[in-house]
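A short write-up of the structure that comes next.
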Amino acid sequence: MEYINSPVGAISRVGLGTWAMGGWGEVITSEADEMAVETIKKAVEMDVTLIDTAPAYGEGHSEKLVGRALKESGYRNKVILATKCGLSWDDKGTVYRDSRPETLKKEVEASLERLQTNYIDIYQVHWPDADVPIAETAQCLKEILDSGKIRAIGLSNYTNAMIDEWRKYAPVHFIQPSYNILEDKLFENQIPYAQEHGISILGYSSLCRGMLHGTYTKDTKFNDGDMRGEKDPKYLGENFLNHLAAVDELKEYAKTLGKKVDEIAMRWVLDKGVSCALYGCRKPHHLGPIAGCTDFKLSPEQCDYMSYLVAKHVPVQVGKEYLAPPLMSEL
Ligand code: NAP
């Protein structure tokens, strides 16, 4: 495993992403929970030191599984625990943005309880909330930071201009943008920005919600409620076929390097400058590529060649707008 310095100490360059543990929209079974807990423990045993979760992942379910796994294993002090705030949900399960200070103060207590810990290493605002001035949210997180309940502040899905505004009121230690080879053009300005301001980057959806594992085909069916089959434009119609064709090219290229496509796709994220690439996983037997992406490097020319292969099939990249939860004022 490779490590990189960050404001909360050395972090592994691959972090475990636990979104899917809260479900992709389907009903979560107790078998799935057991597998998820095993996945977390095994990832730490593979020297992954960063775990990313959020209250919004299954209405607290993912956080509870992380808390349980760390408690049972005694691994809490081996990991950098990253969670989020600023998304709430109503009785019908509709998730919406809410970064009001009064909400955040309650949220941090609820997360500490679900995670069975008395501090959170990285506390990230999940999505910017245009209903609440950035100054108010930033000042509130600064207070929580000063209280010692959190050790660092992160911002996810914020633009560089929004981060500039935030930095007038509170520090930003981490950002969490989406970053993978199928969507890089949309977020490429965030890496130089972070480097200039000494901010560490946790890149999310490193494998484009699983597509870059190379196991999906045009006949792959996703469960009802799974956004990959219903809302994500990369997974729909002709776009899906174009993305699969790009993945096929990358698969052939991976073979020439003696690697698998998910390994070179993860490596590409790391070699483009992301501090820690989040690897989404909820099954222990799916953890293999974590080791396979940290024992080699891609040169800048190899990274460019991979981007060229993708651009042949996906000339216009489509983004993550479908993921964005509504504002309270839009409900
Ligand atoms: P990803 O790493 O791009 O893809 C993960 C998915 O790949 C798994 O859940 C799994 O689906 C699928 N998969 C298919 N074939 C596989 C194989 N052979 N081996 C392993 N997995 C396979 O994940 P992501 O979950 O979208 O993103 C990673 C993490 O980033 C998240 O877990 C979360 O922590 C974070 N994230 C943050 C935001 C944000 O707004 N800040 C948004 C999205 C994600 P199944 O679950 O169906 O097995």
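Below is a table of values for the structure above.
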item: Candidates Val27, Val79, Val44 - the one that is modelled with pLDDT under 95, of a type outside the set (Gly, Ala, Ser) and on the phi < 0 side of the Ramachandran plot; result: Val27
item: Any hit, the range 33-41, residues being in a strand (DSSP E or B) and not hydrophobic (A, V, I, L, M, F, W, C); result: no
item: Residue check, Leu50 hydrophobic (A, V, I, L, M, F, W, C), buried (at least 20 other Cβ atoms within 10 Å of the Cβ) and touching a Gly at 6+ places or on another chain (Cβ under 6 Å); result: yes
item: Positions within the range 184-217 being within 10 Å of the ligand (Cβ to nearest atom) and over 12 Å from the mean Cα position of the chain (by Cα), in sequence order; result: Gly210, Met211, Leu212, His213, Gly214, Thr215, Tyr216
item: Qualifying residue in the range 3-16 (condition: more than 12 Å from the ligand (Cβ to nearest atom), of a type in the set (Lys, Arg) and farther than 22 Å from Ser178 by Cβ); result: no
item: Those residues of the range 284-321 which are exposed (fewer than 14 other Cβ atoms within 10 Å of the Cβ) and within 30 Å of Tyr96 (Cα to Cα), in sequence order; result: Val316, Glu321
item: Criterion: more than 10 Å from the ligand (Cβ to nearest atom) and either closer than 26 Å to Glu38 by Cα or touching a Ser or Thr at 6+ places or on another chain (Cβ under 8 Å) (or both) - qualifying residue of Leu327, Leu331; result: Leu331
item: Identity of the residue in the range 284-298, in a loop (DSSP other than H, G, I, E, B) and either acidic (Asp, Glu) or within 11 Å of Ala43 (Cβ to Cβ) (or both), that ends up nearest to the ligand (Cβ to nearest atom); result: Leu287
item: Residue satisfying all of: in the range 154-183; aromatic (Phe, Trp, Tyr) and open to solvent by less than 20 Å² (accessible area, probe 1.4 Å); farthest from the ligand (Cβ to nearest atom) among these; result: Trp166
item: Members of the range 61-99 that are within 16 Å of Ser156 (Cα to Cα), open to solvent by 10 Å² or more (accessible area, probe 1.4 Å) and among the basic types (Lys, Arg); result: Arg97
item: Residue list for the range 264-275, filter: crowded, with 22+ Cβ neighbours inside 10 Å and in contact with a Phe, Trp or Tyr (Cβ under 9 Å, 6 or more places away or on another chain); result: Ile264, Met266, Arg267, Val269, Val274, Ser275
item: Cross-chain or 6+ apart pairs with Cβ under 7 Å, the range 32-59 first and hydroxyl-bearing (Ser, Thr, Tyr), then part of a helix (DSSP H, G or I); result: Thr39/Pro284; Thr49/Lys78; Thr53/Ser62; Thr53/Glu63; Thr53/Val66; Tyr57/Trp19; Tyr57/Met21; Tyr57/Gly22
item: Among residues of the range 43-85, those that are in a loop (DSSP other than H, G, I, E, B) and either in contact with a strand residue (DSSP E or B) (Cβ under 7 Å, 6 or more places away or on another chain) or more than 11 Å from the ligand (Cβ to nearest atom) (or both), counted; result: 14
item: Subset of the range 218-243 [within 23 Å of the chain's Cα centre (by Cα), open to solvent by 60 Å² or more (accessible area, probe 1.4 Å) and closer than 21 Å to Val316 by Cβ]; result: Lys231, Leu236
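Results for (1) in contact with a His (Cβ under 7 Å, 6 or more places away or on another chain); (2) over 25 Å from Pro233 (Cα atoms), shown as yes or no for each residue.
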position: Lys106; (1), (2): no, yes
position: Glu109; (1), (2): no, yes
position: Asn118; (1), (2): no, yes
position: Gln124; (1), (2): no, yes
position: Thr137; (1), (2): no, yes
position: Asp146; (1), (2): no, yes
position: Ser178; (1), (2): no, no
position: Ile199; (1), (2): yes, yes
position: Gly203; (1), (2): no, no
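The values are calculated or read from the model by the stated rules, or taken from the named source; none is laboratory data. Note that this is a predicted model, so its numbers are computed, not measured. Positions of Cβ are generated from backbone atoms using ideal geometry, with glycine treated the same way; all protein chains shown enter the neighbour counts. Ligands, DNA and RNA are excluded from the accessible area calculation, which covers all protein heavy atoms including side chains. Shrake-Rupley method; radii C 1.70, N 1.55, O 1.52, S 1.80 Å.
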